[in-house]
1. Roughly what % antiparallel, to the nearest 5, for the DSSP beta bridges in the range B:709-810?
2. GluC sites (Glu not before Pro) within the range A:237-302: which are DSSP loop residues with at most 15 other Cβ atoms inside 10 Å?
3. Rounded to two decimals, what is Rg over Rh for the range A:11-245 when you use alpha-carbon atoms and the Kirkwood radius?
4. Please give the average number of partner chain Cβ atoms lying within 10 Å of the Cβ of each residue in B:176-187, rounded to a whole number.
5. For B:LYS408, give me every one of the aspartates and glutamates with a C-alpha distance below 15 angstrom, ignoring sequence neighbours fewer than eight places off in its own chain.
6. Find the centroid of the Cα atoms in the range B:154-222 and in the range B:48-87, then give the distance between the two in whole Å.
7. At most 13 other C-beta atoms within 10 Å and a DSSP loop state: those are the exposed chymotrypsin sites (Phe, Trp or Tyr not before Pro) I care about. Give me the longest piece of chain B that has none.
8. Among residues other than B:ARG32 whose Cβ falls under 9 Å from its Cβ, what is the net charge (Lys/Arg +1, Asp/Glu -1)?
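Every number here is computed from the coordinates shown, using simple stated rules; none is lab data. All figures in this text were calculated on a predicted structure; none of them were measured in a lab. Methodologically, a virtual Cβ is constructed for each residue, glycine included, from the backbone with ideal geometry; neighbour enumeration extends over all protein chains shown.
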Amino acid sequence: MTGIGGTPIPHAPGFVANDTPRIVTARFDYEDSYTLERYEATGGYQGLRKALQQTPEEVHSEVRDATLLGRGGAGFPAGVKWGFCPPGVWPRYLVVNGDESEPGTYKDRLLMELDPHQLIEGCLIACYAVGLSQCFLYVRGEMAVAQERVAKALNDAYSAGYIGKNILDTEFSVDIILHWGAGAYVVGEETALIESLEGNRGMPRLKPPYFPAAVGLYGQPTIVNNVETLSNLPWILEHGAEAFTAIGTESSPGTRMVAVSGHVQRPGVYEIVNGTTTFRDLLYSEEMCGGIRNENQLKAFVPGGGSAPWFTPAQLDLPFEGSQIGPEGSMLGSGAIIVMDETTDIPAAALTLTKFYAHESCGKCVPCREGGPWLEQILRRIVDGLGTPRDLDLLFEVGETICPGDFPHAAVPSRGIEAVPFPYRMTTICFVGPSAFAPIHSALTLFREEFEEKVAGNKNRTMIEVAVDV
Amino acid sequence: MSDTPPSEVTVTINGDEFEARPGEMLIAAADRAGVHIPRFCYHERMSSVGMCRMCLVDIDTGRGPMLQPSCMVPVAEGMVVDTQSEETKRAQEGILEFLLVNHPLDCPVCDKGGECPLQDQTMAYGPGESRFVEEKRHYEKPIPISDLVDLDRERCILCDRCTRFADEIAGDPLIQFTERGSSTQVLTFPDEPFSSYFSGNTVQICPVGALTAAPYRFKARPWDLEQVESTCTTCSVGCRVAVESSRNQLVRYLGVDVESVNHGWLCDKGRFDYEAVNSGDRLVTPLVRDDHDQHQLLGTDWGSALARAAEAIEQAGPQRVGIIGGSRLTNEDAYAWAKLARSVIGTDNVDAQLGDGLPADVVLGLPTATIAETCEADTVLIVGPDLKEELPILHLRLRVAATKGQTKVIEIGPIVTGAETYAQRSISCRSGEAAKTLVALLESDDPLGDQLRDGSVVAVLGRASMAESATPALEVASVIRDRLPHATFLLALRRGNVRGALDMGLAPGILPGRTTIDDPSESLINRWQNLPEKAGLDTTAMLQAAATGELDTLILLGADPLRDFPDRNLAMDAFRQVKTVIAIDNFVTESVSHADVVMPSTAYGEQEGTTTNIEGRVSRLAQKITPPGSTRDDWMIAAELAWRLGGDLGVGSREEIWGEIEQVAPSHAGVTIERICGPEAHEGILIQGSSVNPKLVTPQEPPVVDGYGLRLVSGRKLWDAGTGVSHSPSLRHLAEEPTLKVHPGDLQRLGVPSGTAVRVISTRTTETLLAVADDTILRGTAVLPFNQPGGGANRFIDATALVNDIRIETL
């Protein structure tokens, strides 16, 4: 396989196998896992064949029974989401959200690079179950290898009769269209993704309507599903919902992919059992991350992508179970764990994340457009040693305009700080604005002394001094 | 409108229950309930975008109060709203602080300062001080985005109002957001200015000083402005407008939102042509032809000018006087002149139109639709001029209605018009063949035929080309009356108060109140005493009579036949032959320069009165500034002349004139001066009903274009050589020199490359013009704008011909 310009593409790195059941990463060990030949040789397209022998309603209820939670961030059950399509309205579309860009997250990229046919089969099953006439596969602009492999897989699948007219000689026909993003984080938000797909600026749509399932792409009912969510479907159809729910817990069945980055011995993407695996299992077990690098102490970790409030070692024994993480003040989000050890400069780490979200604001809502860059400027001042004690409160005050009321955070038992449960309130349309505040809020709440150290010795500005500064 | 009242939704706003309309946004309901919710991006005439977040209020729909944008949340039964809660206040303070983070505090030199929503709402809802100490965003300022609009990106708060207006309302999406996040900017596309006929509206709706109008920039401060509400008379749509002055100079017009007419929008010509009123070129003193040097007009006093005019009228005798023009006048002025002509001079040779409209009996006699009815009709059939060029706000209303799906527009005509972008179907036909085309459509099995027969239809009817006579339009009216009897009409006449002038009797055979000379009202006979026996001549007939020596005195009432009459040669012949030309005008136009007596009249903004728009809606004109020099109102000139001719108009003020109109004009009975000055004046008073019968003509076969000829089509452009544009320094350069546009195939056939000068030959003249290839032009057709600087199309036109053909030769 060669890439653009003939340069050889190395086997996409990042996946680390372990001994948990493998649903979506089953083929990752093969050198040629992304080819149609390998896919067919390892049971590929069997789920689709099974689905086509049932009625769409039966397929839909199978998925509903599996309680397949969305893997994109919100964790909404896919089977329930499908049911939001208003009956009798056609055409309706499937949009695959492959615009994975949450800091720390790189699991969907591996799924698209290493097993594109599994995703395609999942799309076909979803289209069959919900009666979707067309599927749009939106792949993030920067993911060149994923784009090439998905494109190749689509062509092969078309030639083999898996996509197109009368799939596998049935009455079922569907087209899958590949679309490349243009590089905007906010397009991971489903309505912004739809806008981008329509050729408009990638800006979130206003709610209501709350779900694109009612009014989505081109004003039609649209299901937007994440890559990993859809990649689960072939397995569920082949093995049944019962086999799926036998893994994990009742409310979070199956496995899920997590991407670990930062100060662990072995960062990478892991497929773990949903609901039961704890953060300690993931970060410290020998078969997974193998502990913190250099035998350092863990300082903090982000449990669900860059926009999630942070956890400390006190939360290590929590399992990957949304209903337990929320009350503890964070979210599982996109399954990205960013690990910070004792050497981490916490204010600087927060600045890295805030800078990203401030930069990625689409510019639509004032709180995000103006508040994000302002927060970044204040934090940069503090990191550079130019902040004042007053600036620490200012960060909270500015954040308050983006997220009014109590912002969720983890408990700090040593200091008697209790957890504030998820979610937050916001004055913006989407969560990009709050995401710029989330790292600052966590860092400042959990590690205030590190900020105080940075501003120690600096005097507060008075109003007169401010005037002179300007 | 359905008879059943719409059901209501009860919402509680700040403790008070309010019956809201189902489906309306909370912010609109709150407005009607008298509760102001601050906002920047929300605009009641455009879709909501929820960008600024300024209208966040506490909304409780049963799940506890939550901050939600009131421009995005439709009212719901039982909704409880608190616009003054602590949370709301904190959000408002926060949003304003954010908006000011990058907004330059250059209010003292900003045009908007003093009337700025950002300034005002910061005072009312803001935090009082900012905690922002960093460097603000910087851009080059200002940058021109069109000839009339400057953009200061530092001041912009990205509310999406201007960009939404350009896209949703004007249909000229030439300004867009570029970049992202805090670097987002409004910009034009490279090398494509925001050259929209409606660009000035973006300045008016800009909630900060980011968009400023070049003609107004740095001219005044808002607190120095005085304002009156009036009606625009630039064209005959009759947009309501706020006229503003400073130091007795008109400095700005703003659109006033009235439901029936303009929804708050104005075209750029109507918005900026106040510069002409302020112009130093204005006529401010009477002039008379120098006895010693026939090429000179000398300043004189009113007494001498009036005496000379009266003498010329008297010497000619009633049958040899003609009065041309009057569409510029107010209703009261037009009435005074109609009365002067008939009861004092004794002539019926009066015509407010310049051979460029439709016969008065047709205008007054066809059943009229309102603009609102037009925008709600199942189908609008446009057979007439390019509305975008001639009646821009009617075009805008139709465009919005059609794009929202409220109506469907079908147009039949010889050129691509502004309606093409929103029309359900644009049917091309050769000039003069619209009636034939409509018949063919109705007789075909095209589904449009059934659509026209089965649904409500409003025909927007007018002259598609000045190079064809009124007959083709009358043929279309005849076909519609015949085959679509349920259709009503909105007549696309352009001149400011043409409808009012006809209503007041400034047309041969027509008397005030939409009656004819054969059937005058009792009260009119009592008041006027004398009436001519039979109908007089229209403008074409008057000019013909003058050219053959049958008229001695021509009176031009704000008329410039040399530029505006379709047949320049005929007008020129008439001027050469006639003994005396008396002109009453604001400027020395080309025709006025041929006059023997010139009397300066007051202009727009300098006179009170009423005007009537194309629907027949009477609305008030307000005086804002003192007229310059010794200019006089047109009715006063009529009264003075009457007195010098031994008569008496019997009126001493505009109020008295309106009182008489109300008594003698049957259609205007009951429209008292109290009503005109009352609250109804805001929307205007629609006057319906007429006792005039339209005389239509049955379609005839137009002459075939010979193999060497091209059928000439000539329409007006918004930016033309008219006085309003040519005396406004900001607008003058927008009027393009005329070029002859021909289909590239026709040019190729003649062996002429595009952009070369060619000899253009018509029955009237042979002249040199630039020929330009344009593939939107029908084959066999040549398009030449009617009145552009550098020469009008009327040089080539024979007004007596049904259609005009030209030939092109290489030089």
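1. Counting only bridges with both partners in the range B:709-810, antiparallel ones make up about 75 percent.
2. Values: sites: A:GLU238, A:GLU242, A:GLU250, A:GLU271, A:GLU286, A:GLU287, A:GLU295; in loops: A:GLU250, A:GLU286, A:GLU287.
Of the GluC sites (Glu not before Pro), the ones in loops of the range A:237-302 whose Cβ has at most 15 other Cβ atoms within 10 Å are A:GLU250, A:GLU286, A:GLU287.
3. In the range A:11-245, Rg relative to Rh is 0.93.
4. 5
5. Excluding near neighbours in sequence, the set is B:GLU373, B:GLU376, B:ASP378, B:GLU420, B:ASP450, B:ASP454.
6. 29
7. On the way: sites that count: B:PHE218, B:TYR708.
In short, B:219-707.
8. -1
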